[in-house]
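Encoded as structure tokens, the structure appears first; notes follow it.
All of the numbers you see were taken from the coordinates with simple rules; none came from a lab. Since this is a predicted model, take the numbers as computed values, not measurements. Counting neighbours? That spans all protein chains shown, and the Cβs are built from the backbone with ideal geometry, glycine included.
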Amino acid sequence: MIRREGARLFVAGPVNLSNVAQLLAEGEAQIRAGASEVDFGEVTELDSSLLAAALAWLREADQAARPLRFHRLPEGLLTMARLYGVADLLPAGAAAH
């Protein structure tokens, strides 16, 4: 579900309530190990679990005093973030959609 290339994490496949705990733990471990970017361009399906994971990763990065940028945000994720009033919390990089 997550692979790392340099400082960038790539989230792939479906992300939902049934697999988000593993995804969350993998992402947090990678952020603690120095990952500073997350690319969501390979996510195939999502629910609000992905938004919760993204916000938790931001908290993890903040606690480690590290920047974290998001790239290729799925439209569904952005729609949920706007609906819940947290869109401004998502630090989109130049490649974000």
Please specify each residue of the stretch 37-55 satisfying the condition of being farther than 14 Å from residue 91 by Cα and either touching a Gly at 6+ places or on another chain (Cβ under 6 Å) or assigned to a strand (DSSP E or B) (or both). 41, 42, 43, 44, 45, 46
When the residues of the stretch 63-87 are filtered to those that are more than 14 Å from the chain's Cα centre (by Cα) and not aliphatic (A, V, I, L, M), which remaining residue is surrounded by the fewest Cβ atoms within 10 Å (Cβ to Cβ)? 85
Right, residue 51: in contact with a strand residue (DSSP E or B) (Cβ under 8 Å, 6 or more places away or on another chain) and on the phi < 0 side of the Ramachandran plot or not? no
So residue 34 clears everything in (1) surrounded by fewer than 19 Cβ atoms within 10 Å (Cβ to Cβ); (2) in contact with a Gly (Cβ under 7 Å, 6 or more places away or on another chain); (3) of a type in the set (Gly, Ala, Ser) except one condition, right? Which one? (2)
